[in-house]
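The values are calculated or read from the model by the stated rules, or taken from the named source; none is laboratory data. Computed from a prediction, not measured in an experiment: that's the story for all the values here. Note that we place each Cβ from the backbone using ideal geometry, even for glycine, and neighbour counts take in every protein chain shown. In case anyone asks, the SASA skips ligands and DNA or RNA and just uses the protein heavy atoms, side chains included. Shrake-Rupley method; radii C 1.70, N 1.55, O 1.52, S 1.80 Å.
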Amino acid sequence: MEEQGWTQVVAAATRAPSIHNTQPWRFVATPDRLEVFFDRDRALPVLDPTGRQQVISCGSAVEFAVVALSAAGYDGEVDLLTDDGDPDHLASIEVTGTRPATDEDRALAAAIGQRHTVRAPFQPRAVPPELVDRLQQEARLHDTWVKPITRSEEEVATVFLISRAEEMEQGDPAYREELERWMRTDPTAVDGVPVEAVPSDDPHTRPSNWLIRDFVVGQREQHAFLPPGDPDAPPPEVERPTVVLLGTAGDDRFAWLQAGRALGRLLLVATATGLAASPLTQALDWPATRTRMQSRLSLVGHPQMLLRMGYPPDTSTGAVSGRRPVADVLRFEPAGS
Ligand SMILES: Cc1cc2nc3c(=O)[nH]c(=O)nc-3n(C[C@H](O)[C@H](O)[C@H](O)COP(=O)(O)O)c2cc1C
């Protein structure tokens, strides 16, 4: 594949979601393969000391690259954790041939440019069960299970653990400092979470059981002096998103990459059908709440990602977050190197 072609594939890969938009990846392209590396310089030592969520992010980037390759008419074979002694060499994508792109390939590739994390409340419309089944099948291709949180006792336990984790995080100065370092007020920033992409009101006040991560560090605008609303107005509609938990049998880099690929695939299929999503991973950040989730939900395996899904509001679909230029993350090498 020509350099121009790899540039397009890597541009698509970098549109993948990543924890705090850290984009913890770098790529090396030769004519017939793309190597994906974990970039330790972009680590989150407080939130993600083992790199689990960053490796999941890289797994999503691998999947986005494969989708872009297929849409460009190439077959790609993925080898995860190549055995070359470098633990940060996460994946190798080899171009094995050419074939005409299908409509499905093109639809998923188009979804790469349309997808972004939507944290605003979703419409009350439920996600059709057939679609949840489809997402489960897609994830299974990467040995990842998808468990919808539907039983009320599971919802109560999960909601409790998220709140507990959020409270622990907000009480931890090192966590707040790390989060602050990745928040961006400049709309042209190439990484980090733009303030426009996160709701400005206190997540505790929104009519939803599901507490989204609070990205506002420090002082929040006080609403105490707002005039009272119309006392006869109906209470705001409570958001009822579909919440799914992704998990794997193992809990090592290989499993995290698989979970990331499943996440990437699932998000693209969801986007192509008009759905939006936002991860809610606070309870999985901390070993204590993550282990409790395993036992309270009687999980077989390890929870890797909690996703809130639904139809986005008509008015706002959230701000688009920045990406580092491809030239900063992609290096070319000659054949056989
Ligand atoms: C492993 C992982 C964990 C994440 N956890 C959260 C989270 O707890 N809360 C949240 O609002 N977004 C979360 N995100 C979404 C990222 O903040 C988002 O992908 C990033 O800012 C880039 O924005 P985009 O998805 O709109 O491209 C997570 C993403 C990944 C890949």
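Per-structure values
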item: Degrees between helix 103-114 axis and first principal axis of the chain (Cα, 0 to 90, nearest 10); result: 60
item: Per residue accessible area of the chain, 1.4 Å probe, in Å²; result: 46
item: Per-selection Rg to Rh, the chain - Cα, Kirkwood hydrodynamic radius; result: 0.97
item: Pair residue 123, residue 294: separation of 7 Å Cα→Cβ label points (nm); result: 4.0
item: Under 5 Å, built H, 5+ apart or other chain: amide partners of residue 123; result: 311
item: Accessible area of the chain belonging to carbon and sulfur atoms, whole % at 1.4 Å probe; result: 53
item: From phi via Karplus (6.51, -1.76, 1.60), per-residue ³J(HN,Hα) for the range 326-333 in Hz, x at Gly/Pro; result: 3, 4, 7, 10, 10, 10, 9, 10
item: Three-way shape call for the range 1-139 based on the alpha-carbon gyration tensor, with the a/c threshold at 1.5; result: oblate
item: Tilt relative to the chain, helix 129-140 - C-alpha long axis, 0 to 90 degrees, to 10; result: 40
item: Segments 90-102, 74-86, 3-15 sorted - mean Cβ within 10 Å per residue, highest first; result: 3-15, 90-102, 74-86
item: 10 Å-binned pair-distance histogram of the range 266-337 (Cα, whole percent); result: 14, 27, 27, 23, 9, 0
item: Taking all pairs of distinct alpha-carbon atoms in the range 265-305, Kirkwood radius in angstrom; result: 11.8
item: Cα-based helix-to-principal-axis angle, 253-272 vs the chain, degrees rounded to 10; result: 70
item: For residue 332, distant residues with modelled amide H under 5 Å away; result: 29
item: ³J(HN,Hα) computed for each position of the range 186-197 - Karplus, 6.51 cos²θ - 1.76 cosθ + 1.60, integer Hz, glycine/proline x; result: 7, x, 9, 4, 9, 8, x, 9, x, 4, 5, 8
